[in-house]
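The values are calculated or read from the model by the stated rules, or taken from the named source; none is laboratory data. Given the structure is predicted, the values throughout are model-derived calculations rather than measurements. Glycine also receives a Cβ, built like all others from the backbone with ideal geometry; neighbour counts cover every protein chain displayed. Areas reflect the complete protein model, heavy atoms only, side chains present, ligands, DNA and RNA absent. Shrake-Rupley method; radii C 1.70, N 1.55, O 1.52, S 1.80 Å.
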Amino acid sequence: MQNAERCMELLELAPGWLNGEAVPPTRELLELMGAWLDEHQPQDLEQPRLFPTPEGGVEAEWRIGRLDLSIEFDPSSGLAEWHQLDLDSGAVVEQQAPLQDARGLRGLGIKLQQVLDSSYPSSEPEEAAE
């Protein structure tokens, strides 16, 4: 299933879905996040877990080896927020991009691709240089 389709499943959440108070994500946010994931998350790799947030956002989470990575698309702050924790060293990397900044979101996507590429090396043998 494509990430955009997985995101759209969250449209089924009703207002007050968490203790009568949480806001469901909007169609616009889900379309943005789904398109972003489809562009930057290879389908052949482990897909992120998607969780709605009480404020109407969505968080994508990955566990990549000893690395915990999450990206929250938060409409209340207007940001996509990257949070990366190395479980061995305790090192934390955080980065933000405005949801309306296509260039900033692309930068986060490239960063995601780099993390995934380094964690899931290609299984195809490299061709010898001639």
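Observations on the model:
- Among the candidates L32, L85, residue that is closer than 24 Å to D101 by Cα and either touching a strand residue (DSSP E or B) at 6+ places or on another chain (Cβ under 9 Å) or touching a residue at least 24 places away in the same chain (Cβ under 8 Å) (or both): L32
- R27, sole failed condition from (1) over 11 Å from the mean Cα position of the chain (by Cα); (2) open to solvent by less than 60 Å² (accessible area, probe 1.4 Å): (2)
- The lone criterion from (1) over 11 Å from the mean Cα position of the chain (by Cα); (2) surrounded by 13 or more Cβ atoms within 10 Å (Cβ to Cβ); (3) modelled with pLDDT of 95 or more; (4) not β-branched (V, I, T) left unmet by W82 is number (1).
- Looking only at the stretch 26-70, residues that are of a type in the set (G, A, S) and over 19 Å from E12 (Cβ atoms) come to 3 in all.
- Leading residue by the ranking (surrounded by the fewest Cβ atoms within 10 Å (Cβ to Cβ)) among those in the stretch 33-75 that are within 15 Å of S119 (Cβ to Cβ) and of a type in the set (D, E, K, R): D44
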